[in-house]
Amino acid sequence: MPRKVLIARGGAVGPASGLGRAHHDLVSSLQSNSVKGFEIVGIHEHPLGGNPFKRLYRRWRGHPKSLEKKVKQTLPDLLHISDQEHAILIPKNCPVPVSITVHDLFHLDPQKISTPDGDVWIGERNTGIIRNRDLVKMKAGLSRADLLICDSKTTESHAKKLFPDKKTVVLPLGLDCQKRNPLTNPLPYPSQFSNEKMNLLIIGSEDPRKRLHFAIEVIGNLPIDVRSNIVVHKIGAESSLAAKANLESIAQSSDVKVQWWGRTGEEELIAAEQHADALLFPSIAEGFGYPPLEAMAAGCPVLMADMGSHNELAIPGTPLSPYSTEPWVEELLTLHGCWLGNQNSIVENGDYLRPVDEAGLARAAKYDKAIFAEKLESTWATFLS
């Protein structure tokens, strides 16, 4: 008989964010019976919205109390919290075992990374009274968990530092590789792309740790005849108008053409990944790092910084120096040479088609959702045995 799993989180965040994506993929795996030996018996979450006082009450008291009641009523074999931000939900003296997915612990333990551009803080600093109290509750909740399921070795190392007595395991997130594969599910050439230009992607917010300015500066260091052939497509909702204005200023001073897409739908994002000439990912800190893995699954070449935890996903030997522009420039010059050689020879319906990066496809396949489901089954079975 399958063991019963109750999945819980706070607000019902959609799959557009990393945390939302991980939750929805987990639920999908359980609902499709991909995690053999386990079945989902409920999803405990609440709608988003409400005034600040209502949201705070719901987060600190109302929602945790309703989950505690549901656990006592249903008595599942396992309660799983789908991300660390909602560790507050873990009941005190919970009558069933509790596991929790931990993507990162940046906010509980902010870290300073020194870069040539100055210090970058990873995680929240100078938080107010309410957020401080919130973080205390999160930490207490994590202390009540029985198993911390970390999606990278980097995150597990951080978890062991903060919770040395807790049982931990590394389980990378899964990906629907079939959906992104350009050989089996090709999507139309994006209307925002120009088949007369080399189209590069940068994906993410303007959080300082993402270092999107570095990607623009790298392109600005290319010879003018190469730079003039390039359009950078920035995908992802801006963190603020000021942050966007700052990037626009850097792009203008570097003579780099940037096209702003904002937030996109899933199919539009996959089409961009399938047809872009490369993804630039200079981030210096990630909980997991969806964009480079998703790009590889779409057959797109990836240039990424050699920093945890996304470098764990990379093709061995390919991550680049996070601070020196020279290796990035060299890689882009090589890609530009390939672009020049291919743009007139590989054409379908008038659109330039970049050759598929077979090495990236093979690497991404190691993180396919089917493999994630198998490993999750083994993790939970071992934990409950």
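Couple of notes before you dig in:
- Any chance D83 is surrounded by fewer than 19 Cβ atoms within 10 Å (Cβ to Cβ), under 30 Å from L212 (Cβ atoms) and of a type in the set (D, E): no
- The residue that is surrounded by the most Cβ atoms within 10 Å (Cβ to Cβ), among those in region 226-264 that are basic (K, R) and in contact with a Gly (Cβ under 8 Å, 6 or more places away or on another chain), is R227.
- Residue check, I40 in contact with a strand residue (DSSP E or B) (Cβ under 9 Å, 6 or more places away or on another chain), over 30 Å from I203 (Cα atoms) and of a type in the set (A, V, I, L, M): yes
- Any hit, region 297-307, residues being among the hydrophobic types (A, V, I, L, M, F, W, C), touching a Cys at 6+ places or on another chain (Cβ under 7 Å) and crowded, with 23+ Cβ neighbours inside 10 Å: yes
- All helices (runs of 4 or more DSSP H) inside region 1-111 with 2 or more residues being touching a Gly at 6+ places or on another chain (Cβ under 8 Å) and in the same structural domain as A145 (by TED's automatic domain parsing): 18-31, 63-74
- The residue that is surrounded by the most Cβ atoms within 10 Å (Cβ to Cβ), counting only those in region 169-195 that are without any contact (Cβ under 8 Å) to a residue 40 or more places away in the chain and of a type in the set (S, T, Y), is S194.
- Residue within region 12-25 that is surrounded by 14 or more Cβ atoms within 10 Å (Cβ to Cβ), closer than 25 Å to T379 by Cα, in contact with a Cys (Cβ under 7 Å, 6 or more places away or on another chain) and not polar (S, T, N, Q) present: no
- Complete set of residues in region 10-22 that are within 17 Å of L105 (Cα to Cα) and modelled with pLDDT of 95 or more: none
- Filtering region 94-123 to residues that are exposed (fewer than 14 other Cβ atoms within 10 Å of the Cβ) and at pLDDT below 95 leaves Q111, K112, S114, P116, D117, G118, D119.
- All positions within region 44-98 that are in contact (Cβ under 8 Å) with a residue 12 or more places away in the chain and on the phi > 0 side of the Ramachandran plot: L75
The values are calculated or read from the model by the stated rules, or taken from the named source; none is laboratory data. This is a predicted model, so every value here is computed, not measured. Note that each Cβ is placed from the backbone with ideal geometry, even for glycine, and that neighbours are counted across all protein chains shown.
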